[in-house]
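To start, the structure itself, in structure tokens.
The values are calculated or read from the model by the stated rules, or taken from the named source; none is laboratory data. Remember, it's a predicted structure, so these values are computed and weren't measured experimentally. Don't worry about glycine lacking a Cβ; one is built from the backbone with ideal geometry, like all the others, and counts go over all protein chains shown.
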Amino acid sequence: MAESSAMSIETQARPWWLILLGGVAAIIVGFLLISSTEKTLFILIQFVGIYWIVSGIFDLVSMFIDHSAWGWKLFIGIIGILAGLVIIRNPIASAVAVPVIFTWVLGFYGLMAGIIMIIQAFKGGGWGVGIMGVLALLIGLFILGNTLISAVTLVWMSGFLFVIFGIVGVIQAFRQRS
């Protein structure tokens, strides 16, 4: 009984047609990222800049509504607004810099995750954790060693993922409808 009421709450929160629109939009963005990478990336980066500005403003406003962690909200709000303004004011440089910076973040994440998993393996986590740690470490090193290639590949892979998630969203919408 509780499961059916939870399902009805979820259904009411997201109508099937909204999931369908999100899926179709994801498919379109995915195909645009694959077929017209430069133009689509440029437009998406502009939306990221606008999003960061709006998000930064909301973070600053939330600081006055909820005073917990106000220093962190102030910092994140200011950084978000500044990053958004830099992107909006320098669109061409941002279209190159944002994927490269995101690639660096992924590379450093791979390094850190790899080191943590290797340490866990030596503390009794098992061979599987150790092997995953070595793989994560190697992938992180590869990404950091080939930043531009990784950034371009990241854009195409994002396009393919958008298409896949869009198809899943469309299927989910029709399942929810029936």
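Data table
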read-out: Only one of Leu137, Leu106, Leu111, Leu141 that is touching a residue at least 24 places away in the same chain (Cβ under 8 Å), under 23 Å from Glu38 (Cα atoms) and not hydroxyl-bearing (Ser, Thr, Tyr); value: Leu106
read-out: Among (1) buried (at least 18 other Cβ atoms within 10 Å of the Cβ); (2) of a type outside the set (A, V, I, L, M, F, W, C); (3) at pLDDT 90 or above, the one test that Gln172 misses; value: (1)
read-out: Val100 vs. criteria in a helix (DSSP H, G or I), modelled with pLDDT under 90 and in contact with a Pro (Cβ under 9 Å, 6 or more places away or on another chain); value: no
read-out: Sole residue being touching a Leu at 6+ places or on another chain (Cβ under 7 Å), surrounded by fewer than 18 Cβ atoms within 10 Å (Cβ to Cβ) and modelled with pLDDT of 90 or more, chosen from Ile119, Ile115, Ile164; value: Ile115
read-out: Residues (part of a helix (DSSP H, G or I), over 21 Å from the mean Cα position of the chain (by Cα) and at pLDDT 85 or above) located in segment 8-40; value: Trp16, Trp17
read-out: Scope segment 153-177; condition over 14 Å from Ile101 (Cβ atoms) and among the aliphatic types (A, V, I, L, M); matching residues; value: Met157, Leu161, Val163, Ile164, Ile167, Val168, Val170, Ile171, Ala173
read-out: Scope segment 103-146; condition more than 18 Å from the chain's Cα centre (by Cα), within 30 Å of Ala93 (Cα to Cα) and part of a helix (DSSP H, G or I); matching residues; value: Leu111, Met112, Ala136, Leu137, Leu138, Ile139, Leu141, Phe142, Leu144, Gly145
read-out: Filter result for the condition that a residue is surrounded by 14 or more Cβ atoms within 10 Å (Cβ to Cβ) and part of a helix (DSSP H, G or I), over Ile149, Ile88, Ile78; value: Ile88
read-out: In segment 41-72, the residues that are assigned to a helix (DSSP H, G or I) and of a type in the set (Asp, Glu); value: Asp59
